[in-house]
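Q: Once you've had a glance at the structure underneath, I'll fire off some questions.
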Amino acid sequence: MKILKKTLFYFFLVVLLIFAGLFIWHPYLMRVLWYRTPDANTYKAFPQEIVHKSDSVFHFFSASKMRDDLDTLNVRDGNKQFGSFADYFQNGKLRAFIVIRNDSILYQKYAAGYSNSTLTSIFSGAKSMVSILLGVALANGDINSLNDKVTDYLPELKSNQAFDHLTIKNLLDMKSGLEFQDAFGGVLQAFFSDEAKYYYTNDMKAELMKVKLVNKPGTVWKYKSIDPILLGWVIEKATGSKVAKYFEDNIWRKIGAEYNASFGLDHISGLANTASRFQVTAIDLAKIGRLYLNNGKYNNRQIIPAEWVKQSISIGTERSASAKGWQKSAHHYLWWIPQAGDKGDYAAEGMLGQRLYVDPKTKTIIVQFAERGSGDYPYRKISRYLAGLPFRYPNGG
């Protein structure tokens, strides 16, 4: 009995020492263990850099008659089951859903505890925001060309050969070739994944300095957080401005934002996580959609170059490296662009069901915040329904 107790004691001691070593060597693992999969409010645990609101607020019109009939519209969920949109909202734990057409709010619904002033993390929707910033930085002359080497702006990375031939365009296309382990494949893989590391680390620059190259840049597409984080760092160095401040000065204050937004940092005064930590209200996120819907203009003032908007939302003759969902969404310039059926719409998408959807054909903007999301892609159907246009899913419905 004494031998068994002694064996168990040493076993647990070894396990304890292993975990202690892990947490000392990789402090971010303690955050992973504590927070696990982040939710839309996990951002509050980390430092933020404020994107200050506009002095002159733009307000969408409220339709004379709200389209509450949307609640009864038959839509499909992630299990390919049909039901009312009201059920879709409830089952997916949607927290905000706004539909705007021709600058008028046709439908607006918030769950308990949410309102038009509630900030929510849009996770990977942040990637589309850094794409917007890159277009502005190019137009302002802060960045010369997409073909510039990353090390032209981040010379501290020259010590790592993985960055020798990496261009800004490679990052924008998510074809950096840099090693990145995603969070899929089980609990342990998620715990030690690069996805968790870059979300929870308090020193992204140190982690980026150590990354390895596994594919020739420009050859293999892989969806990953590391590329837009590097883009954010490039923008900071090129402009001499923090990402939040550059976004505020060049976008946010110019489009009539009603509320402050924020970018999450790895530590106080640190690097912004431009892959997954942008916090915004639903109504102000819709104004980003409006900006793109109007080809980069706000009140006849060009905020984003029209050509950049066009390049961002159309893949042209480029062969798509991804095809997500029934709509076959291609990932291009950090936006998701459906390639199936009647093309032209596009979206910024984030984990747990965060969405900014734009349909130029019907001049519709949809914003969805969620804690889980119901899956699938009802936005095109909703857009066409409210515009009085026909729509059918590929297999009916």
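Q: Being charged (D, E, K, R) and either within 24 Å of Glu236 (Cα to Cα) or modelled with pLDDT under 95 (or both), is that true of even one residue in segment 304-314?
A: Yes.
Q: Is there a residue being over 23 Å from Met129 (Cα atoms), buried (at least 20 other Cβ atoms within 10 Å of the Cβ) and among the charged types (D, E, K, R) anywhere in segment 70-93? Quick ask: steps written out before the conclusion?
A: Filtering segment 70-93 down to residues over 23 Å from Met129 (Cα atoms) leaves 70-93.
Among the residues that remain, those that are also buried (at least 20 other Cβ atoms within 10 Å of the Cβ) are: 70, 75-76, 85, 88-89, 92.
From what's left, among the charged types (D, E, K, R): 76.
Within segment 70-93, one or more residues are over 23 Å from Met129 (Cα atoms), buried (at least 20 other Cβ atoms within 10 Å of the Cβ) and among the charged types (D, E, K, R).
Q: Continuing with this model, one more query. Only one of Ser320, Ser312 is assigned by TED's automatic domain parsing to the domain that holds Asp266 and buried (at least 21 other Cβ atoms within 10 Å of the Cβ). Can you tell me which?
A: Ser312
Q: Do we have Ile226 as among the hydrophobic types (A, V, I, L, M, F, W, C) and either in contact with a Ser or Thr (Cβ under 8 Å, 6 or more places away or on another chain) or modelled with pLDDT under 95 (or both) here?
A: Yes; evaluated as a whole, the condition is true for this residue.
Q: Just for segment 33-65: of the residues that are more than 20 Å from the chain's Cα centre (by Cα) and modelled with pLDDT under 95, which one is nearest to Ala282 (Cα to Cα)?
A: Selected residue: Ser62.
Q: Turning to a different aspect of this structure: Failed condition for Ser64, given (1) within 30 Å of Phe46 (Cα to Cα); (2) exposed (fewer than 15 other Cβ atoms within 10 Å of the Cβ), with all others met?
A: Every listed condition holds for Ser64 apart from (1).
Q: Then there is this: More than 30 Å from Tyr223 (Cβ to Cβ), modelled with pLDDT of 95 or more and part of a loop (DSSP other than H, G, I, E, B) - does that describe any residue in segment 71-85?
A: Yes; the residues of segment 71-85 include at least one that is more than 30 Å from Tyr223 (Cβ to Cβ), modelled with pLDDT of 95 or more and part of a loop (DSSP other than H, G, I, E, B).
Q: Sticking with this one: What number of residues within segment 136-179 are part of a loop (DSSP other than H, G, I, E, B) and small (Gly, Ala, Ser)? If you could, list the steps in order and put the result at the bottom.
A: Initial filter on segment 136-179 (part of a loop (DSSP other than H, G, I, E, B)): 140-148, 153-154, 160, 164-166, 173-177, 179.
Then keep just the ones that are small (Gly, Ala, Ser); that gives 141, 145, 176-177.
Of the residues in that region, 4 qualify.
Q: What are the residue pairs meeting all of these: first residue in segment 77-97, first residue farther than 17 Å from Gln354 by Cβ, second residue part of a strand (DSSP E or B) and among the β-branched types (Val, Ile, Thr), Cβ atoms under 6 Å, and 6 or more apart or on different chains?
A: Going by the 6 Å Cβ cut-off, the qualifying pairs are Phe85/Val75.
Q: I'd like the residue in segment 160-211 that is farther than 14 Å from Ile229 by Cβ and hydroxyl-bearing (Ser, Thr, Tyr) and, out of all such residues, is modelled with the highest pLDDT.
A: Once the filter is applied, the top-ranked residue is Thr167.
Q: If I ask for residues that are out of contact with any Leu (no Cβ under 9 Å at 6 or more places or on another chain) and in a helix (DSSP H, G or I), which ones from segment 116-125 would you list?
A: Within segment 116-125, none qualify.
Q: State the number of residues belonging to segment 94-114 that are of a type outside the set (A, V, I, L, M, F, W, C) and either farther than 21 Å from Gly256 by Cα or outside any strand (DSSP E or B) (or both). Don't jump to the end; show me each part of the working.
A: Filtering segment 94-114 for residues of a type outside the set (A, V, I, L, M, F, W, C) gives 95, 101-104, 107-110, 113-114.
With the extra rule that they be either farther than 21 Å from Gly256 by Cα or outside any strand (DSSP E or B) (or both), the set shrinks to 95, 102-103, 109-110, 113-114.
Adding up the residues that qualify gives 7.
Q: Report yes if Leu293 is loosely packed, with under 15 Cβ neighbours inside 10 Å and of a type in the set (A, V, I, L, M), otherwise no. Even if it seems obvious, please write down each step before you answer.
A: Values: loosely packed, with under 15 Cβ neighbours inside 10 Å: no; of a type in the set (A, V, I, L, M): yes.
No.
Q: Looking only at segment 263-278, filter to residues that are more than 15 Å from Leu231 (Cβ to Cβ) and surrounded by 22 or more Cβ atoms within 10 Å (Cβ to Cβ); which one of those is modelled with the lowest pLDDT?
A: Among those that are more than 15 Å from Leu231 (Cβ to Cβ) and surrounded by 22 or more Cβ atoms within 10 Å (Cβ to Cβ), it is Asp266.
Q: Could I ask something else about it? Provide a single number: the residues in segment 99-122 that are within 20 Å of the chain's Cα centre (by Cα), hydrophobic (A, V, I, L, M, F, W, C) and crowded, with 24+ Cβ neighbours inside 10 Å.
A: 2
Q: Scan segment 230-257 and report the pairs whose first residue is surrounded by 23 or more Cβ atoms within 10 Å (Cβ to Cβ) and whose second residue is of a type in the set (Lys, Arg) and outside any helix (DSSP H, G or I), with Cβ atoms within less than 6 Å and a gap of 6+ or a chain change.
A: The qualifying pairs are Ala257/Lys53.
Q: Could you list, ordered by first residue, the pairs with Cβ atoms under 6 Å in which the first is in segment 117-146 and without any contact (Cβ under 8 Å) to a residue 60 or more places away in the chain and the second is surrounded by fewer than 23 Cβ atoms within 10 Å (Cβ to Cβ), at least 6 apart or interchain?
A: Leu146/Lys169
The values are calculated or read from the model by the stated rules, or taken from the named source; none is laboratory data. Because the structure is predicted, anything quoted here is derived from the model rather than measured. Every residue, glycine among them, receives a Cβ derived from its backbone with ideal geometry; neighbour counts consider all protein chains shown.
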